[in-house]
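Below is one structure, written out as structure tokens; comments come after it.
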Amino acid sequence: MNLIFLILGVTIRSDAGVGGYYSNLRYSVADTITRDTTVPSTELRSFWTVYLNHERVDYTVQSENNLQFSNTALTDWLNLRFSIPLNSSLTFNGATENELSCYHKLLSLFQDSVWNKSYVNALLKLDLDYELNKDFTITGGNEIEHQRYFSPDSAFYNYYLNRTMLDLDIQFGDYLTLTWESKLHRLWAQTQPQHNYTEYILYLNGNSYFLRNWTLQFDNTFSRRIYPARNRSYADLNPSLFINRNLGSLLGISLRENIRFLWFDETTAIYQNQLTNRLELELEIQPGSAFAFRITPQIENLRSLNQTSSQDYQEISLSLGVELLRATRIWLSLDDRFGIRRYLLADSAFQSGYRFNEFTLTGSWKILSIHHQELTLETMLNITPEWHQEAIDNLAALSSSVELKYRW
């Protein structure tokens, strides 16, 4: 059978495994009966994924099918992609992505999640790539997505979403690359017309390598979304800047600046014109080949432009991280971010100042690797407690996952 696939130019590989996910949100409720509430979510699942790749001179076909059974749902993802060169400069690409999720009550004793809506999602995408030369590429395309719930309601509604796009990629030698994207999105929700919208998106990205050991990257995204209601329609401008300097193999310095302007056509107590600014400086120290250490101070501010509101805050934090490098079979990354957020008005329990500590651990262990076969264990743990001025407002969130995967 493998010889037949080899002759036909088909390669097949598979993943199979088991995994689990658990999250827990614990918070207090100002009530004489219920003083403490826990919202857990647990998922135990098994999965099987098959990848197929077929390459010929005149076309390429790739497919991926993932079947997953958990204590809450039976889900299947089927993705198919193809590429057909029309001539030396023009390529026709297509893709379809489909998902079917059916929630069940076969293991009701082990179900604690509130997500129980069965649905089907289908997406079709077609585009053309025109490569004028190795430094200039134009891509134009369209995709349409349909989401349908078996039992829709006001929160989970059926819709059609159409996305039209035109992209330009330009490279100026080895020193500068530019990407420009323009998109038009339209969503139709027949039974929930208040959710219909039209959205225009413009995106510009540039990467510069003019100086040795220096990297300069800038992004700017502008979007305009229009709903039937003026108080939900808005414009969003999000520029960002990234500068990196490598001081040899020992030290790297990175600076990130992210700004967001948000304007609503009509402001309300909830929808306010806002300015958000985040400044981050990261120092990465690699004293040897085994470990890398990260030190990242960060400042973030949110301000309402019309007047001070209950959403306005100031936040300052420090993140300390360590990453295990070049281990034969083990990869490990640990980050601990702690800081203070202060709301300017502090007029409610949801907008009161607090201290926080966000601990994140991610890792993987390649248990077995023989020829084209691998057995891998991957895990993630995130713990985020908050300490407010009033103890009753304290909150603690936990999420964790573990996955054992066999690939052949």
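Laboratory data are not the source of any read-out in this text; all were calculated from the coordinates shown. Just so we're clear, the structure is a prediction, and the values are computed from it rather than from any experiment. Note that each Cβ is placed from the backbone with ideal geometry, even for glycine, and that neighbours are counted across all protein chains shown.
Looking at segment 149-216, the trypsin sites (Lys or Arg not before Pro) that sit in a DSSP loop and have at most 16 other Cβ atoms within 10 Å of their own Cβ are Arg212. Taking θ as phi - 60° and the Karplus parameters 6.51, -1.76 and 1.60, the scalar couplings of segment 170-177 work out to 10, 10, 9, x, 9, 10, 8, 10 Hz in sequence order, x denoting glycine and proline. The structure shown yields semi-axes √(5λ) of the Cα gyration tensor in Å, and of the options (i) 35, 24, 22; (ii) 36, 30, 29; (iii) 39, 23, 19 that calculated value carries the label (ii). Checking every one of the GluC sites (Glu not before Pro) in segment 223-282 against DSSP loop status and a limit of 14 other Cβ atoms within 10 Å picks out Glu266. Here the peptides 121-127, 366-372 are ranked by packing, the mean other Cβ count within 10 Å, and the order with the highest first is 121-127, 366-372. When only Cα pairs below 8 angstrom with a gap of at least 6 residues are kept, the chain shows a relative contact order of 10 percent.
I need the calculated FRET efficiency for the pair Leu281 and Ser240, taking r as the beta carbon distance and R₀ as 22 Å, to the nearest 0.05.
After rounding to 0.05, the efficiency reads 0.95.
Among the GluC sites (Glu not before Pro) within segment 348-408, those in coil by DSSP and having at most 15 neighbouring Cβ atoms inside 10 Å are Glu390.
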